[in-house]
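Since the structure comes first, as structure tokens, the remarks are kept for the end.
Values in this text are rule-based calculations from the coordinates and carry no lab data. Predicted model, so just to flag it, every value in this text is computed and none were measured. Note that each Cβ is placed from the backbone with ideal geometry, even for glycine, and that neighbours are counted across all protein chains shown.
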Amino acid sequence: MRQAQQIRLSAAEETLIAQLKGAGADSTAERISVAGLPTRRVESYHYTDLKTLLRTVPPLAEAANAAEAPALRIAGAYQLTIVNGRLQAAPSAPAGVVVGTAAGDVLSPRDDVLVHINSALAPESLNLHIDGVIEQVIHIDRRSDGPAAHSASAVKIFVAESAKVTIIETFLGSNEAHVGNHATFLAVGTGAEVTHITVDLSARAATHFASNQYEIGPAANLRTLAIHAGAALSRTQLFARFSGEGAHADFTGLNLVDDGKHCDITLDVNHAVPNTTSKEMFKQIARGRSKAVFQGRIVVSRDAQKTDAKMMMQGLMLSDEAEILSKPELEIYADDVVCGHGSTCGELDADWLFYLMSRGIPRTEAETMLVRGFLAEVLDPIKDEALSTVLNGIVDGWLLNGK
Amino acid sequence: MTTPILEIRNLHARIEDREILKGVNLVIPAGEVHAVMGRNGSGKSTLSYVLAGKEDYEITEGEVLIDGEDLLAMEPAERAAAGVFLAFQYPIEIPGVATMTFLKAALNAQRKARGEGELSTPDFMRAVRQAGSDLNIDSEMLKRPLNVGFSGGEKKRAEVLQMALLQPKMCILDETDSGLDIDALQVVSRGVNALRNAGRSMLVITHYQRLLNHIVPDVVHVFSDGRIVESGDKDLALQLEAKGYADFDNAAA
Ligand SMILES: Nc1ncnc2c1ncn2[C@@H]1O[C@H](COP(=O)(O)OP(=O)(O)OP(=O)(O)O)[C@@H](O)[C@H]1O
Ligand SMILES: [Mg+2]
């Protein structure tokens, strides 16, 4: 028998292993015992070394009720609340929306520790079936309440053929060092039109992990937007796969990072069939001593001719100590495709600032206007008025907090 | 005697190690329009930037007063609220900032700084529409991001629109005539003349006497190598047009 080389396990790893064993996820526990959490030597975690960054893992979350954290309300939205992984009493759903719960485990298996942990620990999954044109925005409000806890939650959404829906998921919690591990599986049916937004608004003391898996059917149209504006350590993983021809998706995201934070958006898009298009636009703003990370990989399978994919990362540095990192990758196995990527990083343009100030707009307000302008490309496509107000409010809140 | 709107005394300014303004003296009493003419690179735009408060310059000597107040001690936004307006020689494009949002923010920021209330949206819209139609500016243009995709002449007209809206006390126009077609020159000049009044002064930088047929100045200054070397009435501009700057190169050092 080969003697596995003994690694030194951190307190966080020890706790995780015990929690996974307790949940019967022996193989995941075993992997962490042998390999530990991913370090920078693991390519997909190169910029987010979990072994170093995840210092402690609190006890597993107990069922709690929603009394503690103030909810974020979106005017006119249909709101579903999940607290510590469990769906709270749901109000009656709008026509075309069927709400249910099932056993956890919504993501397809993949070689990723955050996915493994979610599959092992999510107590249940909220299942949504969407049919027809849903005018009301659906708001899934996920919360970590009570004392610091490790909580996993899962959502599975099926959008039927030709249906239309806008879904926003927000992540909030009590002001504790929670570790959240959240998953969403979203299948977009033939010709369906879906907007899916996830916003981390957890306490600074918290850690936020999320994995969103998208299966995109024929002729579907998907827009996604992932925003980090909460936890000091966050990573949102976006795994998308085009499985039907004629579909288009816009993948967008926004890292709002301030002093002491590390936020990571990692995207993996697979154009698996011919004639699909995607646009990836990710913006990162960093101030203080902080780190913003974007990793984007586009894989074009051998049969996926006529794929058109363009990926862009734009960074805005508001301080000298901030770091904005970007790692775009294209893996192309088909020969008749148009793919490209680019990234830019800069500070606020001094001439733009001067122009605004010379008209009487004070510096702080001028900076805010320019930052909003920088983000417009990502936020403006969200047409719902109430939603757009909430998203702009989140950005403004972040900007004001730094002053 | 009443306080002049603008008073510049022995102003020296440098950028990096290069001195560009070398002792500018200029007094503009209320209600007067002064023109400044001078060779390319003589420092005219530098003077306008220094007055508006651009950071790149180091003031090494001299003082500037607006209405008797120390202009150089003010932040750019405070200067604007105090009544300084610079119509840029090269107005820049700012993508992502909607023109109307910008105009409203500027107007209300200035009002607030002066202790006046915010303008209501209908009043604001009316003011913009009025200023726009006076300057033949298509309202569709104002729906675009700030200056984005505007032609050279449209940008210049948009600067004058801002000026009409903000009603500054000290208007500095840096080659507002360059890039304007013949009709636009008339429209813009009419717009500028409409703003002339007893309480407002103007500093009009130009290369062409033609503009001064429309906006008739009270005083014309010749700018050379970082200072004013000659001043006269409007006929000085005609003289310059005929003879060029050579006569003034070594004048009044
Ligand atoms: N950032 C800078 N660094 C170095 N030199 C500069 C800088 N900006 C301006 N200058 C120099 O300062 C001098 C004056 O420039 P300025 O733009 O004020 O001239 P001007 O009189 O407005 O010319 P024009 O008639 O062509 O508009 C020029 O020689 C210019 O090259
Ligand atoms: Mg100039």
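Amide H contacts of A:A183 (H built 1.01 Å from N, in plane; Pro and chain starts excluded): A:S153, A:A154, A:V155, A:S211 sit under 5 Å, all sequence-distant by 5 or more or on other chains. The HN-Hα couplings worked out from phi for the stretch B:208-219 by the Karplus form 6.51 cos²θ - 1.76 cosθ + 1.60 (θ = phi - 60°) are 10, 4, 3, 4, 6, 6, 8, 9, 7, x, 7, 9 Hz, whole numbers, x standing for Gly and Pro. Evaluated at q = 0.07, 0.08, 0.10, 0.12 Å⁻¹, the base-10 log of the normalised Debye intensity for chain A, with identical point scatterers placed on the Cα atoms, takes the values -0.31, -0.41, -0.66, -0.96. Each part gets one Cα centre, and for the stretch B:25-88 versus the stretch A:136-182 those centres are 55 Å apart. Once you have a ≥ b ≥ c as the square roots of the Cα gyration tensor eigenvalues for the stretch B:58-120, tell me rounded if a/c is under 1.5, and otherwise prolate or oblate according to whether a/b is larger than b/c. Cα axes put the stretch B:58-120 in the oblate bin. For the pairs B:K54/B:K112; A:K51/A:K283; A:K291/A:K327; A:K283/A:K327; A:K279/A:K327, flag any whose C-alpha to C-alpha distance is greater than 18 Å. Pairs exceeding the cut-off: B:K54/B:K112; A:K51/A:K283. When the P(r) of the stretch B:133-253 is calculated, the portion above 20 Å amounts to 48% of the C-alpha pairs. Distances between placed amide hydrogens fall under 5 Å for A:T166 paired with A:I138, A:T195, all partners being 5 or more residues away or on another chain.
Tally Lys and Arg at +1 and Asp and Glu at -1 over the other residues with C-beta under 14 Å from the C-beta of A:A309: what net charge comes out?
Once positives and negatives cancel, what remains is -2.
Think of the stretch B:4-252 as a dipole: +1 on every Lys or Arg Cβ, -1 on every Asp or Glu Cβ, centred on the Cα centre; then among B:G132, B:H12, B:Y208, B:G132 lies furthest on the positive end.
From the Cα gyration tensor of the stretch B:1-91, with a ≥ b ≥ c the square roots of its eigenvalues, which class applies: rounded if a/c is under 1.5, or else prolate if a/b is larger than b/c, or else oblate? Verdict is rounded for the stretch B:1-91.
So which GluC sites (Glu not before Pro) in the stretch A:100-179 pass both tests, a DSSP loop state and at most 15 other Cβ atoms within 10 Å of the Cβ? Hits after loop and neighbour filter: A:E135, A:E161. The 3J(HN,Hα) values that the Karplus relation (6.51, -1.76, 1.60; θ = phi - 60°) gives for the stretch A:296-311 are, in residue order, x, 10, 10, 10, 10, 5, 4, 8, 7, 5, 6, 5, 10, 9, 10, 10 Hz. Gly and Pro appear as x.
Restricted to Cα atoms, the stretch A:349-403 shows a radius of gyration and a Dmax of 12.4, 34 angstrom.
Based on the convex hull around the alpha carbon atoms, the stretch A:132-216 presents an average projected area of 5.2 nm². Taking Cα centre as origin and charging only the Cβ of basic (Lys, Arg, +1) and acidic (Asp, Glu, -1) residues, the dipole magnitude of the stretch B:171-234 rounds to 260 debye. Taking amide H as placed 1.01 Å from N in the peptide plane, B:V36 has its amide H under 5 Å from the amide H of B:V204, B:I205, B:T206, B:H221, each at least 5 places away in sequence or on another chain. Phi angles across the stretch A:323-333 convert, under the Karplus curve 6.51 cos²θ - 1.76 cosθ + 1.60 with θ = phi - 60°, into 3J(HN,Hα) values of 10, 10, 10, 8, 10, x, 9, 10, 10, 10, 10 Hz, Gly and Pro given as x.
Dipole size of the stretch A:70-348 about its Cα centre, with +1 on Lys/Arg Cβ and -1 on Asp/Glu Cβ: approximately 400 debye, rounded to the nearest 20.
Here the stretch B:1-156 is treated as an ellipsoid with the same Cα gyration tensor; its semi-axes, largest first and in whole Å, are 30, 20, 15.
Can you tell me the convex hull volume per residue for the stretch A:80-223, based on C-alpha atoms, in Å³ to the nearest whole number?
It comes to 98 Å³ per residue, whole-number rounded.
Taking trypsin sites (Lys or Arg not before Pro) across the stretch A:174-258, the ones in a DSSP loop with at most 16 further Cβ atoms lying within 10 angstrom of their Cβ are A:R204.
For the stretch A:228-337, the set of chymotrypsin sites (Phe, Trp or Tyr not before Pro) satisfying both a DSSP loop assignment and a count of at most 16 other C-beta atoms within 10 Å is given as A:Y333.
What is the dipole size for the protein assembly as shown, taken about its Cα centre, with +1 at each Lys and Arg Cβ and -1 at each Asp and Glu Cβ, in debye to the nearest 20?
The dipole magnitude comes to about 820 debye.
Maximal additional length on extending the B:A246-B:Q130 stretch stands at 37.3 nm, based on 0.36 nm per residue less the C-alpha distance. Between A:D335 and A:A90, full extension at 0.36 nm per residue minus the direct alpha carbon distance yields a gain of 83.3 nm.
Net charge of the neighbourhood of B:Q110, taken over other residues with C-beta under 9 Å away and scored Lys/Arg +1, Asp/Glu -1, is +3. A dipole drawn for the stretch A:1-135 from +1 and -1 charges on Cβ atoms has a positive end, and of A:T52, A:L80, A:A102 the residue lying farthest that way is A:T52.
Put the Cα centre of the stretch B:156-214 next to the Cα centre of the stretch A:361-392 and the gap is 33 Å. Ranked by the mean number of other Cβ atoms within 10 Å of their residues, highest first, the peptides B:225-237, A:338-350 fall in the order B:225-237, A:338-350.
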